[in-house]
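Taken together, the values in this text are just the output of simple stated rules run on the coordinates, not laboratory data. Keep in mind that what you see is a predicted model, and the values were worked out from it rather than measured. Here the Cβ positions follow ideal geometry from the backbone for every residue, glycine too, while neighbour counts run over all protein chains shown.
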Amino acid sequence: MAKVAVVVLADTESPGDLGRGVNAMMTAKELKENNDEVQIVFDGAGTKWVPTLSNSEHKYHDLFASVRDEIAGVCSYCASAYGVKNGVQTSGVQLLEDFEEHPSLRKYITEGYQIITF
């Protein structure tokens, strides 16, 4: 069984960013469907995806919903910096503040996870 942390850093601004966000969720979905351990972390500009994809009208909302139970959370500091903290809180996804208001990637490394960034 694989242990993978999928870190979404891609912004929401361009078609390329959308592609990276979708690829991150598809990777998580494949891992989940194969009973691998997967955790999704939204960090940096990627924090903007959670409120965006929480909108049921978004084209990829269903994909987001299919992996929602694998979402570890969103960087608290970056959600504030990018102005989406309220949207993240409204979505019910956890804000991560493990290390100086950021998620701890070290935690995943010490727990034997491979880290993939998008």
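For L96, the residues whose amide H sits under 5 Å from its own are V74, C75, S76, ignoring neighbours fewer than 5 places away on the same chain, with H placed 1.01 Å from N. Beta bridges from DSSP with both residues in the chain: antiparallel share about 5 percent, rounded to the nearest 5. Checking every one of the GluC sites (Glu not before Pro) in the stretch 45-118 against DSSP loop status and a limit of 12 other Cβ atoms within 10 Å picks out E57, E100, E111. Sequence-ordered 3J(HN,Hα) estimates for the stretch 53-58 from the Karplus curve with 6.51, -1.76 and 1.60 and θ = phi - 60° stand at 7, 6, 6, 4, 7, 5 Hz, glycine and proline given as x. Computed about its Cα centre, the charge dipole of the stretch 3-117 is approximately 80 debye, with only Lys, Arg, Asp and Glu carrying charge at their Cβ.
Count Lys and Arg as plus one, Asp and Glu as minus one, and take only other residues whose Cβ is under 15 Å from that of R68; the net charge is then -2. Of all lysines in the structure, the ones whose alpha carbon falls short of 24 Å from that of K29, not counting any fewer than 8 places away in one chain, are K3, K48, K59, K107. Our coupling estimate for the stretch 104-118, obtained by passing each phi through the Karplus curve with A = 6.51, B = -1.76, C = 1.60 and θ = phi - 60°, is 8, 6, 4, 4, 5, 4, 5, 8, x, 7, 7, 10, 10, 10, 10 Hz, Gly and Pro reported as x.
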